[in-house]
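One structure is given here, and the rest of the page talks about it.
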Amino acid sequence: MVNSDDNQGSGHKSVIKKIMVEQEEKARTSADPLVVVMNALNVLKEREREVLISRFGLTGDKKATLETIGRKLRVTRERVRQIETTAIKRLANSQSKELTQLIKIINSYITGNGGLTDLKGLAEYLKVDSDQRAEATTNALRLAMAVNGAVLPLEKRAGLKPGWAQKQFPIDLLVPIINEVEKILDEANQVMSDSVIWDKFQETDLYAKNSDRITSLTVNGAIHVAINITQTRDGKWGLSSWPTVVPKRIRDKVYLILKRKNEPMHFTDITEAVNREYPDKQVLSRTVHNELIGDDRFVLVGRGIYALKSWGYKPGVVADVIQDILKKAKRPMTTSEIIEAVLQIRQIKRNTVIANLQNHKLFKKVGRGTYTLA
């Protein structure tokens, strides 16, 4: 028999957890990093504030060099560096309530992300808008992380995105973990989910030797800061060099649009989807149509409607499709059977199928509404 007090206790904990999650979500979406950081700078001396604003590009301008700031303030580059260092320390030791809360939210996210984050991922988590303030806001995040005592910046090296690791993260294993995941993906030659990657990773020598230091979260965090590994829109991971993961050509973008839609689309709808999902470079519908015609991964299945060949659709005119169906059937078929089979792989009118059956050079009527190959 289940104790009612236990049920009440469990329910109470569930409610508390839900409230905490809602509060964190509210705090995350309402915290504007740029506003928080700019307000936090009020504890600094005027020159210190000016140096940090210029060095981190908090007004939306490009980040100024030590030399540029030095000329403006009429001091040496080294003196500017000293002012910057002192200002960051002062800011870290005299954090505003809002900055402390922002850093708390950030650290909670990093913990849930395996102890690592890249700059872009952090900006997306904090819902930094892609507007004219985006660069200044992202730069404000950089400054917030500079005063975040719980993390260290990732070493600038090939294969790593700009980002940060919590101090307790096994940083010596970061690159080996990334290399191992790249190898797993390369050998599989297909995108994988977090769970599948983790299953494969546990079979590696690296994991066998370091199982006490590597968890699924550790691997997941490492993947997020790897330049050569990219997450697809359906949440899986693949190599950045794969056109099915990071499409560079129009035809590859078209392929991914159809694959995600998982049903035939008109080329004008495909064009709209391409421009919506890849807005950096807009394309014309005639360009998309030409790509569909020139790539044998795509099959015309109706008036301007295309599908993926891998779905089982066959190229050719309707008569070719009917011939193929009758060949595979190895028996006469009724008109309704033929129509049903054709409509499974072509988006056309029923009368179009009936009209094609009147081609006596290709099809022979052998009974009431029954046809075979001529």
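Quick notes
- Paramagnetic reach from V366 (point 7 Å along Cα→Cβ, amide N under 15 Å) across the stretch 313-340: 323-335, 337-338
- Neighbourhood charge, 13 Å Cβ-Cβ cut-off, centred on P153 and excluding it, Lys, Arg +1 and Asp, Glu -1: +3
- Stretching the chain fully between E155 and R249 yields a gain of 30.6 nm (0.36 nm per residue, less the alpha carbon separation).
- Computed from backbone phi with θ = phi - 60° and the Karplus coefficients 6.51, -1.76 and 1.60, the 3J(HN,Hα) list for the stretch 257-268 is 4, 5, 4, 6, 5, 6, 7, x, 9, 6, 4, 6 Hz; x is used for glycine and proline.
- Helix-only mean residue ellipticity at 222 nm for the chain, each DSSP H run of n ≥ 4 adding -39500 (n - 2.57), per residue, nearest 500: -17000 deg cm²/dmol
- Descending semi-axes in whole angstrom, ellipsoid equivalent of the stretch 318-373, from the Cα gyration tensor: 15, 12, 10
- Exceeding the 29 Å Cα-Cα cut-off - candidates K281/K314; K156/K248; K120/K236; K120/K248; K161/K261; K261/K327: K281/K314; K161/K261; K261/K327
- Stretching D172 away from D320 to a fully extended chain increases their span by 47.2 nm, per 0.36 nm per residue minus the current alpha-carbon distance.
- Structure-derived Cα extents along the principal axes in Å: which label, when the choices are (1) 72, 70, 40; (2) 96, 70, 43; (3) 62, 59, 38: (2)
- Sequence-distant contacts, meaning Cα pairs under 8 Å at least 6 residues apart, place the relative contact order of the chain at 10 percent.
- Here the 3J(HN,Hα) profile of the stretch 287-292, calculated from phi with Karplus coefficients 6.51, -1.76 and 1.60 at θ = phi - 60°, is 5, 4, 4, 5, 5, 5 Hz, Gly and Pro shown as x.
- Counting only residues at least eight positions apart within a chain, or on another chain, the lysines with an alpha carbon under 19 Å from that of K209 are K183, K200.
- Rough spin-label spacing in nm, given labels placed 7 Å along Cα→Cβ, for T268 and D295: 2.2 nm
- With R₀ fixed at 25 Å, the C-beta to C-beta distance from N93 to N179 puts the FRET efficiency at about 0.05.
FYI, it's all coordinate maths here, none of it is from the lab. Quick caveat: nothing in here was measured; it's all calculated off a predicted structure. Every residue, glycine as well, gets a Cβ built from its backbone with ideal geometry; the counts of neighbours run over all protein chains shown.
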